[in-house]
Amino acid sequence: MEIRINGQVLDVSLENEKTVGEVLSGLENFIYGSGHILSGLNIDGQTISASQIEETFLKKINEVKIIDITTNPLSELTASSLITLLDDIRQFEGLNFSEKSKFAENWKESSCALFLNEEMAELYTLCINTFENGVIDPKDLLSITEERLREVKEPLKEFTILEPALNEICEKMIELPLDIQTGKDLKASQTIQFFTSITEKILRIFYQLDTQKYILTNTDQLVSQIESFAEILKELLDAYARSDTVLVGDLAEYEVSVKVKELYTSILENCREENK
């Protein structure tokens, strides 16, 4: 049996797979890991519709000659969904109170909502808190969505302009233990929140840079740096929760601030100017 992805024959050896469904399940991580998502399936020249999926998955592989898989870049689908979401938010803003109360139920069944729930769960929750619960201002959701769209469409540009904000928050992190000791709880909390949002943004953009083929080298070393940084960050947040100002100070100044800058620099140094 021959397996093709976007017309290219895949060099793969089947082991214990007996059905088409098992084959596709085995390829799912490979496809997703390469920054793509399955968008079409053709078996021996026949395009498989949604209604035929269950039956097709049960088909024995010794009955199949060619599995032809079509994929789309996940970044394209993400950008398309975010653009649709921007339109949805603007539509929501123009509704009256009665219309807004019905909007969420219909929206949750849309392809945009289903995609966001699967791929961008945090943003999906923000949408629910805007459309259904009314606890987030639509303008704030609009701003967040525009930011996410920039991260997907121009990840390297968005990553590069992050440096001043990163430097600023690292300076604030050095002041964190003193803020805690002197009772400036609000300032300390804001510093932690700002630092967390910056690091989350770095990780989101790294994923885009990686899957969109901006990264020049093998990502194993960068992933190792991320894992090391995540461990130190967890230790910092735990110390902050315990109000251990000595440990917070040491970690903030000598570990977390240093490692996040090293991670940022490493990612930037390993990026090409244009994706391939």
Can you order the peptides 185-191, 110-116, 219-225 by their average number of other Cβ atoms within 10 Å per residue, highest first?
110-116, 185-191, 219-225
Relative contact order (%) - the chain, alpha-carbon pairs under 8 angstrom, separation at least six:
16
Size of the dipole of the chain about the Cα centre, Lys and Arg at +1 and Asp and Glu at -1 on the beta carbon, nothing else charged, in debye to 20?
400
On a straight-distance basis, which lysines could pair with LYS18 in a cross-link, Cα separation under 20 angstrom, same-chain partners fewer than 8 positions away excluded?
LYS59, LYS60, LYS65
Does the stretch 2-73 come out rounded, prolate or oblate by the C-alpha gyration tensor, with a ≥ b ≥ c the root eigenvalues, rounded set by a/c under 1.5 and, if not, prolate when a/b is larger than b/c and oblate if not?
rounded
Which length gain, in nm to one decimal place, applies between PHE194 and THR47 when the Cα-Cα distance is subtracted from 0.36 nm times their residue separation?
48.0 nm
Taking amide hydrogens as modeled 1.01 Å from N in the peptide plane, which residues meet the under 5 Å criterion relative to SER39, leaving out close sequence neighbours?
THR70, THR71, ASN72
Just the C-alpha atoms of the stretch 116-173: what Rg/Rh do they give, with Rh taken as the Kirkwood radius?
1.08
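Decide, for the stretch 76-153, between rounded, prolate and oblate: order the square roots of the alpha carbon gyration tensor eigenvalues as a ≥ b ≥ c, take rounded if a/c falls under 1.5, and otherwise choose prolate if a/b is larger than b/c, else oblate.
Taking the square roots of the gyration eigenvalues as a ≥ b ≥ c, the stretch 76-153 is prolate.
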Below 14 angstrom from the Cβ of LEU186, what's the summed charge of the other residues (Lys, Arg +1; Asp, Glu -1)?
0
Using each residue's phi in the stretch 12-18, evaluate 6.51 cos²θ - 1.76 cosθ + 1.60 at θ = phi - 60° and report the 3J(HN,Hα) Karplus result to the nearest Hz, with x for Gly and Pro.
9, 10, 7, 10, 9, 5, 10
Could you give me the ³J(HN,Hα) list for the stretch 24-38, computed from phi with Karplus coefficients 6.51, -1.76, 1.60 and θ = phi - 60°, whole Hz, x at Gly and Pro?
5, 4, x, 8, 4, 5, 4, 5, 5, x, 8, x, 10, 9, 5
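How would you classify the stretch 155-269 from its alpha-carbon gyration tensor, with a ≥ b ≥ c the square roots of the eigenvalues: rounded for a/c under 1.5, else prolate if a/b is greater than b/c, otherwise oblate?
prolate
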If you average 1/r across every pair of different Cα atoms in the stretch 70-215 and take the reciprocal, what Kirkwood value do you get, in Å?
17.1
Convert each backbone phi in the stretch 98-105 into a coupling constant with the Karplus relation 6.51 cos²θ - 1.76 cosθ + 1.60 (shift: θ = phi - 60°), then list the ³J(HN,Hα) values in order as whole Hz, x for Gly and Pro.
5, 5, 5, 5, 9, 5, 4, 4
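Taking 25 Å as R0, compute the FRET efficiency from the Cβ-Cβ separation of THR265 and GLU146 and round it to 0.05.
Rounded to the nearest 0.05, the efficiency is 0.40.
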Where is the GNM fluctuation largest for the chain (alpha-carbon springs, 10 angstrom cutoff): VAL258, VAL135, VAL12?
VAL12
Based on the alpha-carbon gyration tensor of the stretch 1-42, what equivalent-ellipsoid semi-axes (square roots of 5 times the eigenvalues) come out, in whole Å, largest first?
16, 12, 10
Only Lys, Arg, Asp and Glu count, each charged at its Cβ (+1, +1, -1, -1), so figure out the dipole size of the stretch 139-197 about its Cα centre, rounded to 20 debye.
120
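Read-outs: derived from the displayed coordinates by stated rules, not from any lab. Keep in mind the model is a prediction, meaning the values are calculated, not measured. All Cβ positions, glycine included, derive from the backbone under ideal geometry; neighbour counts span all protein chains shown.
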